[in-house]
Amino acid sequence: MRSEDIRNRPWSEKERRTLRLAAQRQAAGNDSDIDFRDVPRLTDEQLAHLVRRRDVRRKIAVSVRLDPQVVDWLKSKGEGHLTRINDILANLMEAEQRRGSRR
């Protein structure tokens, strides 16, 4: 099924009301009535492959020199090795801030 199929299908008035209500709840940030019991738990393998996505913010360009083996390792993880560097450093920064350290 394609998105065009969904857009072009005839919607009943009941379906339209349900969608409008869901959109209003979503816009209000009210998801308290969602029943998550039927959602399967993530497996260890799925959890191991999760990637944290950050808010899209403006970044500044910097130049940094890295050991070749570090770059090779980052690239071996797939596309986005430069973003991965930022994520690693951001995670370290946040962990340090939670500990209250000032190094």
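The values are calculated or read from the model by the stated rules, or taken from the named source; none is laboratory data. Here the structure is a predicted model, which means the values were calculated and not measured. Cβ placement follows ideal geometry from the backbone for every residue including glycine, while neighbour counts extend to all protein chains displayed.
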### Matching residues in region 6-64 - criterion: being closer than 30 Å to Gly78 by Cβ, charged (D, E, K, R) and part of a loop (DSSP other than H, G, I, E, B)
Arg41, Arg52, Arg53, Arg54, Asp55, Arg57, Arg58, Lys59
### Task
Report, by residue number, each residue of region 54-81 that is over 17 Å from the mean Cα position of the chain (by Cα) and of a type in the set (A, V, I, L, M).
Ile60, Ala61, Val62, Val64, Leu66, Val70, Val71, Leu74
### Task
Taking the residues in region 62-103 that are among the β-branched types (Val, Ile, Thr) and modelled with pLDDT of 90 or more as candidates, determine which candidate is nearest to Ala48 (Cα to Cα).
Ile88
### Query
When only residues in region 1-53 that are under 25 Å from Glu94 (Cβ atoms) and surrounded by 10 or more Cβ atoms within 10 Å (Cβ to Cβ) count, which is nearest to the chain's Cα centre (by Cα)?
Val51
### Query
Does region 80-96 hold any residues that are in contact with a helix residue (DSSP H, G or I) (Cβ under 7 Å, 6 or more places away or on another chain) and farther than 17 Å from Ser63 by Cβ, and which are they?
Arg84
